Amino acid sequence: MAWKCPQCGFVHENDAVTVCEACGFVRAAGRLALVAEATGKRLAVGIDTAIGKQLLETFAGEDHVYATDPQFLLARDPVRGGWSLAPAPGAKNPTFLTGAALGTAPAPLEPGAVITIGPTRLRLRVENEP
Ligand SMILES: [Zn+2]
């Protein structure tokens, strides 16, 4: 879906673009959903949220046992727009994003990405929440 920059009026054809190419305006991130592939249940997130074992147990199925509390942090990125994913300090098992281990810096989170613990456990698909 196209969107129009509220600051300069530039029209962007690609909805995945979060920063205005013409003036640098950053779009406010919408809500995000994590969809657990094991259960089909989803968790909608509208504010910066720490995700851990206790919360995962409510929607993500058996694999929540591999998580620590907290396991990772979802945060809106004020510079780039959109959302980012950061590993929580002290997590027992590493958090992976679409097959690659997270570094220490937050990684951009795009719809269609898959968050896992280790390379295969607790598959959570990232979607935009309408
Ligand atoms: Zn603009």
### Query
Which Rg and Dmax, in Å, describe the Cα atoms of the chain?
15.5, 48
#### Entry: Under-5 Å amide H pairs with Ile117, H placed in peptide plane, nonlocal only
Phe96, Leu122
### Query
Given H placed 1.01 Å from N in the peptide plane, which residues other than close sequence neighbours of Glu129 have an amide H under 5 Å from its amide H?
Arg31, Leu32, Ala33
### Message
Between segment 40-59 and segment 97-125, how far is it from one alpha carbon centroid to the other, in angstrom?
### Response
15
### Query
Net charge near Trp3, counting Lys/Arg +1 and Asp/Glu -1 over other residues with Cβ under 11 Å of its Cβ?
0
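How high is the relative contact order of segment 29-129, in percent, counting Cα pairs under 8 Å that sit 6 or more residues apart?
Values: 240 pairs, mean separation 28.8, N = 101.
Relative CO of segment 29-129 lands at 29 percent.
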### Query
Along the Cα-to-Cβ line of Phe10, 7 Å from the Cα, sits a label point; which residues in segment 72-95 have backbone N less than 17 Å from it?
79-82
#### Entry: Mean residue ellipticity (222 nm) of the chain, computed from DSSP H runs ≥ 4 via -39,500 (n - 2.57), nearest 500
-500 deg cm²/dmol
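Read the figures in this text as sums done on the coordinates, not as results from a lab. In this text the structure is predicted, and so the values were computed from the model without any measurement. No Cβ is skipped: glycine too gets one built from the backbone with ideal geometry, and neighbour counts run over all protein chains shown.
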